[in-house]
Amino acid sequence: MSEGLVLIPTYNERENAELIIRKVMSLPRAFDVLIIDDGSPDGTAAIVRGLQAEFPGRLFLEERSGKQGLGTAYLHGFRWALGHGYEYVFEMDADFSHNPDDLLRLHDACARDGFDLAVGSRYIEGVNVVNWPMSRVLMSYFASWYVRVVTGMPIRDATAGFKCYTARVLRAIDLANIHFVGYAFQIEMKWLAYQLGFRIKEVPIIFTDRTRGTSKMSKGIVQEAFFGVLQMKANSWFRPLKRVVR
């Protein structure tokens, strides 16, 4: 068993599932992988099951009924990881928009440099996004600017979904009271870690848009993020969190 577990939610990712699993398994440092599949009708889960015999004790699969959302998939994975004793828990997309090689750098930020949460950041060193239309780059960039203005949280890439959590962060956050499921989920988790006083490091990455499969972005996800940030800030006024004493 590795000390690190990579959580990869999937929905209709048969074109990417085997490739991303094999890439993570080929890294020079051992990471276990948990696929959380939301009943993909394209047979993604069957592909993962077929690979489990090849990677015994390192590749795991949790199947859920129906498309329940990114946030709930990660919450399921967090609880699974804590229940199985992992020290470092990673979030990563299945579509290679996150480079698996960068898992090593996120892990180093926490395991070697002592940070509690490492964020793979597209915007800490300029704008490092490949193959996105300019409209989406601007939307993402200004979304993070908006989060900084409203919350005061000093994170350049507030909507980033490529992260390494230490187990102590996940144990300190009340996972049962996470409210959001899309981009706002990614913001909410960082916001709670920041409020609790954990040390957060942004690690520069290059984000490359998917070349296989289809994006899960929707108008509702964007709206949830916009209004969710206001709600999170208001909640912090009325129900402030006690900072964790290191």
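Observations on the model:
- Accessible area per residue in Å² at 1.4 Å probe, computed on the chain: 44
- Fraction of beta bridges assigned by DSSP in region 87-246 that are antiparallel (%, nearest 5): 50
- V6 long-range amide H proximity, modeled H, under 5 Å: D32, V33, L34, F90
- The DSSP beta bridges internal to region 28-177 are antiparallel in roughly 60% of cases.
- Count of lysine pairs in the chain with Cα separation under 28 Å (8 or more residues apart, or interchain): 26
- Projected label points at S135 and R49, each 7 Å from Cα along the beta carbon direction, are separated by 4.1 nanometres.
- Among M134, M25, M189, the largest mean-square fluctuation in a Gaussian network model of the chain, built with springs joining Cα atoms closer than 10 Å, belongs to M134.
- Surface share of carbon and sulfur [accessible, 1.4 angstrom probe, percent] for the chain: 56
- Calculated [θ] (222 nm, deg cm²/dmol) that DSSP helices of n ≥ 4 give over the chain, each run adding -39,500 (n - 2.57): -12500 deg cm²/dmol
The values are calculated or read from the model by the stated rules, or taken from the named source; none is laboratory data. Only a predicted model underlies this, so the values are computations on that prediction, with no experimental measurement involved. All Cβ positions, glycine included, derive from the backbone under ideal geometry; neighbour counts span all protein chains shown. SASA here: full protein model, heavy atoms, side chains in, ligands and nucleic acids out. Shrake-Rupley method; radii C 1.70, N 1.55, O 1.52, S 1.80 Å.
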